[in-house]
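What follows is a set of notes on a single structure, which appears directly below.
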Amino acid sequence: MTALVEVKGLDKAFGGVHAVEGVSFAVEAGQVYSVIGPNGAGKTTLFNLITGLYIPTKGEILLNGESTAKLEPNQLAERGMCRTFQQMQICMNMTAIENVMLGRHLQLRSSLITTLFRLPSLRRNETAARKRAADLMKYVGCGDYLDAEASAMSYGALKRLEIARALAAEPKVILLDEPAAGLNATETAALEDLIRKIADQGITVMLVEHDMKLVMGISDRLLVLNYGRVLAEGTPEEIRQNPDVIAAYLGG
Amino acid sequence: MLNRFMQSRLRGLMVLALILIILPVFLGNPFHYELVIQMAIIAATVVGLNLLVGFAGQISLGHAGFFGLGAYFTGIATGTYGWSSIPALVVGAIAVGIIAWVVGRPILRLKGHYLSMATLAVGFIIAIILNNERAITGGPDGMPVPAFDLFGWELSTFGRYSLFGVDISGVQAWYILASVVLLLAVWFAQNLIESPIGRALRSVKGSEVAASVVGVDTAKYKSLVFVISAIYASVMGGLYAHFQGFITPAVASFEFSILFITMVVLGGMGSTFGVILGAVVLKLLPQVLADFQELETVMFGLILMLTMIFMPKGLLPTITATVSKRMRKKAGGEA
Amino acid sequence: MLAEFLQYLFTGITIGATYALIALGFTLIYNASHVINFAQGEFLMIGGMATVSLTAMGVPMILAVVLAVILAGLLGIALQRLAIAPAKQADVVTLIIITIGASIFIRGIAQVVWGKEYHVMQNFSTSEPIEVFGAVLNSQSLWVLGIGAVMVVGLVLFFTKTLIGKAILATSMNKEAARLVGIRTQMVLMLAFMVSALLGSVAGIVVAPITFTSYDIGIILGLKGFVAAAIGGLGSGVGAVVGGLSLGIVEAMAAGYISSDYKDAVAFSMILLVLFFMPRGLFGAKVVERV
Amino acid sequence: MLRTMMRRAGKCAAVAAAGLMMMSAQAAEPIKIGSFLSVTGPASFLGDPELKTLEMYVEKINEEGGVLGRPLELVHYDDVGNASSARNFASRLIRSDQVDIIVGGSTTGATMAAVPLIEQAQVPFISLAGAVVITNPVKKWVFKTPQTDRMAAERILTDMKDRGITKFGLISGTGGFGSSGRTQTLEVAEEMGMEVVADVTYSGSDTDMTAQLTNIRNTKGVEAVLNFGFGQGPAIVTRNYAQLGMELPFYQSHGVASDSFLELAGSSAEGLRLPASPLLVPDSLPEDDPQKEVVQNYKAEYEARWDSKVSTFGAYAYDGLMLAVRAIEEAGSTDPAAVRDALENIKGYVGVTGEFNMAPDDHNGLDADSFRILEVQNGEWKLIN
């Protein structure tokens, strides 16, 4: 079985400083794959590289066996990759549901003429998209905000809204960057359920997260980064027993 | 169903149409009509500009360049080459659209003030060309533009026409034309905003990264909205040229660009009806302030400054926010 | 040939030095507050007009210059306090419109107070031009260049050696952090506007003998200053100087060698070209977008 | 602000209504002289003295009993030098204020923008702007008081020829005045068999024209230099000319024929020549010159009233107003067609600018000789011929 996401010898330097160096790993379809490591280990940089926001200094990323080197983020989205952000990227100039409907952008191709005259086909698609977006909002647990402006939502709700938007794009793989940051215990538990539900649908999940309990509980495999390099890779059980990881985490 | 539809989507358009129907009652003389006609044409231009600035968040300080190109294309095509008005407007719009696309592709990669700078430069270059190509444009002294014609039927502000048996004057006929054009401009703009394309545009302003990771080709949409707003400007420039009967390179000037963007910001960025209000206010202000003579400039600057300081979101959004807050308070008090 | 080239170069450098000084004013305010101050040209106008009108009233030149500079400084403070500070939550474009409103307002007042005529200011020293290899240089150009250089050096020292200067820099880099270490950011912003106004008014005074001065001279010079600042890269002092000089030289060369009709178009095309290859100007900070 | 606007709108409506009601009592009505001028903005040096002149003489005429027993009322708007504002204010004058005649249009751009409207509205219009296009081809309702730029070009080139010059360099502003002047100069030069060997321009906002002048200086065969432009630009050109040490005969156009130009250009202006109205040299005119008295009176009255130097541009407004008054008097009413016909037939009106002899094919009525060639000597204007 070929890997869905494969990273080979990835390097990213910012003015001589290596944020990510020689990182290789593979994520297979259907897995929950987590990336952990101390602050500044290069986790978000890695996600930015995978999703095409940064251009690697060296190395290669394959999505479904295809090199992503020349692809823009939106072209990666067309190939089934979607993500959320550590520093949330919500369009505050739109309503909550419009943010989710934005996620359906790729499914809602309409011509300029159809749009300008608001022809029936567009209206039908819009109604369907709105319904699907509403369902997704309920699914991630922000059904209370169906009529709200994005700017009126709480932090936790926005985090879930961002996941709903990513799901609206019907991705094959979804990258979640610290979804639990800033959430309380109840919210984190709900999030864990949500990630499981997503994984159960057959969507591959990649996760950057600090909450060890959450990560160890739901991950199939883990990647541990330290100073931009791979410290360890394996199942939660293997990681837990890896002496390097223990040393790094205990500050040894 | 129909009721809800009316409420949400077309309410604003209906109100605008109603205002345009009732307004003539208050228009005392042909000059008042002229003012309103100009307001409508300029308002339609800034409705287009607002798509770019208010919704997609891309600042343009050179939009009058496209307005001027449209005006001159129409002026030259109808005046020098004897074209009919509609083909002149259409071909002009296509030509300006292509120019905007060619120019927009590279400069829309720029962000913030650098984009302002680049659009300003484009506007200036257009104005300089119009000013210098005397043989074609008449140079700084400008050129006359024939009356608007619809397949041989001429629309002059001094003519008399019959509409469904009712005798109307030339300015009234123009008023009807300008009203229809404004309503269409608003209708198209609203349709565009509330569509997948519109969401993509707004997401470029809201968060460009978010837009790109859900598959929005932000470069493409920025170019698209740039072209659309340039086409709005071009068509309106053409109508403006016909209506004025005479154009000078001032229609493409930096001052005019600043006036356009000021209308957008003063009225309320991202609010279609807000920018119309902005156009009305800024078009009316010089007429109202004309009596102040020497102090006119001082007053204009002061009003502009104070409005923006105390209503940074623009006139209409601030007014609606205040009104709805009051109403909520009232409703709360009663309950 | 050489004489011709040198002549264009001198012309370009003189105009360019003026642009550079204005661009520095933009840079200063941009650095401290990320505002593009479209009223920057009005500081120039105030400097020139106040000096001219004071000398006409019999005030000695030196005193008139000092008073004019002080007037501009006060205006800078007033602009920040009364127009920019109350609108600090506003959008970038809104702030631009506010400064445009302010510039129209200031210009309006100047027109009422000083009238609409153009005024002459005498050269600071001899009016005899200086000849170099067949090209002539206006003696006032030397003043422009000299005072320009002094001001650039002064600014560098101000930012690197004085506490206030360092505070302005710190605020520009990170407002929150600056506040945490006890910098009164509002005070710093006010200072930035004041220094920028001082800079502008001095520029207005030194160039007045070359360009004449009137109530509306600030419009076009302010605009050119913005252009220069953008070419150089907003926020970069070196950029402002290089941007100003190169804009001036390109204009003069274009007028001399290409077409005087299209020299401004050539200058604006240069901007487009620079921004095409360097989206943040020649010396603009390269920032990595954080997501 | 909105309230003020509403109030004003109300006022406007009230005035309009009142106007309608009073139509019947027209005999008591003042004669409305409409005007749109560039009182502020880049052309304010034209509009400002023009407005002052109009205000002052409307007052004076009213003190002396008005015209046809009716007082004059001046309705004025400032077009800020913007052509589309000019057109809009012209429309306001015609349609809202319903003026009887328009005297205005400081610049050619402002004038030409208003012309199509005025022609359709059929209101007599006396423009105060220079370019030849305003009255050539003749437009039925449009007249003008300043000499055309073509005449200026003819006058200058004749003077050059008299001095034996056949090849000259031309530097002009890119604004309306300079640009039109340039075209006329090129045409006249060709007709007179002269050669324009260098042809450069500068824009109105330029602060240094050394580069353009260097270009002219380095052109082979240049025997003189002509600058066509107005505003502060020609003063800068003059100064740069002196700085470059250029010693060829130097000409300016009538666009800078004012004392303030001398102040700006200072000693650099020494020796330059230009065509101008005799207003700049009232006392040098021979006693038998019919214009002498008019010119001296206008200068004295203007300077007494406004405490500022008289300018030839204000004189255009003086002549415009006087022509309008004369036409109304001759027509015996304010009927537009009658006033227009009267205007077209005015002969031998001696004004400040020159002697006007209107004709159906000449709505300017001046000839090139109304320009006097002046030279700057010791910082003052001297009449050459």
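The values are calculated or read from the model by the stated rules, or taken from the named source; none is laboratory data. Treat the numbers as computed from the prediction; the structure is a model and nothing was measured. FYI the Cβ positions are ideal-geometry reconstructions off the backbone, even for glycines, and counts take in every protein chain you see.
Against the list (1) within 14 Å of chain B (Cβ to nearest Cβ); (2) crowded, with 22+ Cβ neighbours inside 10 Å, the condition A:R79 fails is (2).
Identification of helices (runs of 4 or more DSSP H) wholly contained in the stretch B:163-279 with 3 or more residues that are free of Cβ contacts under 8 Å to residues at least 40 places away in the same chain yields B:170-193, B:196-206, B:208-213, B:218-244.
When C:A32, C:A17 are checked against the criterion of being in contact with a helix residue (DSSP H, G or I) (Cβ under 8 Å, 6 or more places away or on another chain) and closer than 30 Å to C:A255 by Cα, a single residue qualifies: C:A17.
Here A:R109 fits the description: out of contact with any Phe, Trp or Tyr (no Cβ under 9 Å at 6 or more places or on another chain), at the interface with chain B (Cβ under 9 Å from one of its Cβ atoms) and part of a loop (DSSP other than H, G, I, E, B).
Taking residues in the stretch C:210-227 that are more than 12 Å from D:G204 (Cβ to Cβ), and partners anywhere that are at pLDDT 90 or above and basic (K, R), the pairs with Cβ atoms closer than 7 Å and at least 6 places apart or on different chains are C:Y215/C:R107; C:G218/C:R107. Taking the conditions (1) aromatic (F, W, Y); (2) assigned to a strand (DSSP E or B); (3) not assigned by TED's automatic domain parsing to the domain that holds A:T204 in turn, A:F85 satisfies each one other than (2). State whether the residues of the stretch A:172-190 include one that is touching an Asp or Glu at 6+ places or on another chain (Cβ under 6 Å) and outside the structural domain of A:L4 (by TED's automatic domain parsing). No: the stretch A:172-190 contains no residue that is touching an Asp or Glu at 6+ places or on another chain (Cβ under 6 Å) and outside the structural domain of A:L4 (by TED's automatic domain parsing).
With respect to the conditions (1) under 19 Å from the mean Cα position of the chain (by Cα); (2) aliphatic (A, V, I, L, M); (3) away from chain B (no Cβ under 14 Å), C:I130 lacks only one, and its number is (1).
From the list C:T94, C:T99, which one is of a type in the set (S, T, N, Q), touching a residue at least 24 places away in the same chain (Cβ under 8 Å), over 30 Å from D:E50 (Cβ atoms) and within 14 Å of chain B (Cβ to nearest Cβ)? One residue alone meets the criteria, C:T99. A count restricted to the stretch D:117-147 and to residues that are part of a loop (DSSP other than H, G, I, E, B), within 13 Å of chain B (Cβ to nearest Cβ), of a type outside the set (A, V, I, L, M) and closer than 23 Å to D:V39 by Cα stands at 1. D:K161 falls short on exactly one of the conditions (1) more than 14 Å from chain C (Cβ to nearest Cβ); (2) basic (K, R); (3) touching a helix residue (DSSP H, G or I) at 6+ places or on another chain (Cβ under 7 Å), and that condition is (3).
Of the residues making up the stretch B:108-121, those that are part of a helix (DSSP H, G or I) and facing chain C (nearest Cβ under 7 Å) are B:G112, B:H113, B:Y114, B:M117, B:A118, B:A121.
Residues in the stretch B:291-329 that are aliphatic (A, V, I, L, M) and in contact with a Lys or Arg (Cβ under 9 Å, 6 or more places away or on another chain) were compared, and the one that is nearest to the other protein chains (Cβ to nearest Cβ) is B:V298. Residues that are more than 8 Å from chain B (Cβ to nearest Cβ), free of Cβ contacts under 8 Å to residues at least 40 places away in the same chain, farther than 25 Å from B:L192 by Cβ and surrounded by fewer than 19 Cβ atoms within 10 Å (Cβ to Cβ) occur at least once in the stretch A:144-151. Among the numbered conditions (1) at negative phi; (2) more than 14 Å from chain D (Cβ to nearest Cβ); (3) not in a helix (DSSP H, G or I), the only one that B:G57 does not meet is (1). Scan the stretch C:237-265 for residues that are at the interface with chain B (Cβ under 10 Å from one of its Cβ atoms), of a type in the set (A, V, I, L, M) and surrounded by fewer than 19 Cβ atoms within 10 Å (Cβ to Cβ) and the total you get is 0. Scanning the stretch C:268-289 for residues that are more than 7 Å from every other protein chain (Cβ to nearest Cβ), modelled with pLDDT under 90 and surrounded by fewer than 13 Cβ atoms within 10 Å (Cβ to Cβ) yields C:A285, C:K286, C:V287, C:E289. Taking the conditions exactly as written (in the same structural domain as A:M216 (by TED's automatic domain parsing), in contact with a Ser or Thr (Cβ under 7 Å, 6 or more places away or on another chain) and either surrounded by fewer than 17 Cβ atoms within 10 Å (Cβ to Cβ) or more than 20 Å from A:A3 (Cα to Cα) (or both)), does A:V20 satisfy them or not? It is true that A:V20 is in the same structural domain as A:M216 (by TED's automatic domain parsing), in contact with a Ser or Thr (Cβ under 7 Å, 6 or more places away or on another chain) and either surrounded by fewer than 17 Cβ atoms within 10 Å (Cβ to Cβ) or more than 20 Å from A:A3 (Cα to Cα) (or both). Of all the numbered requirements in (1) within 14 Å of chain B (Cβ to nearest Cβ); (2) closer than 30 Å to A:S151 by Cβ, A:N39 misses one, and that requirement is (1). Considering D:R182, D:R239, the condition of being within 26 Å of the chain's Cα centre (by Cα), charged (D, E, K, R) and closer than 23 Å to D:A368 by Cβ is satisfied by D:R182 alone.
Selection within the stretch A:91-106: residues that are of a type in the set (A, V, I, L, M, F, W, C) and out of contact with any Lys or Arg (no Cβ under 8 Å at 6 or more places or on another chain). The member of this set that is farthest from the other protein chains (Cβ to nearest Cβ) is A:A96.
Picking from residues in the stretch B:196-245 that are away from chain A (no Cβ under 12 Å), polar (S, T, N, Q) and buried (at least 22 other Cβ atoms within 10 Å of the Cβ), the one that is farthest from B:L110 (Cα to Cα) is B:Q244.
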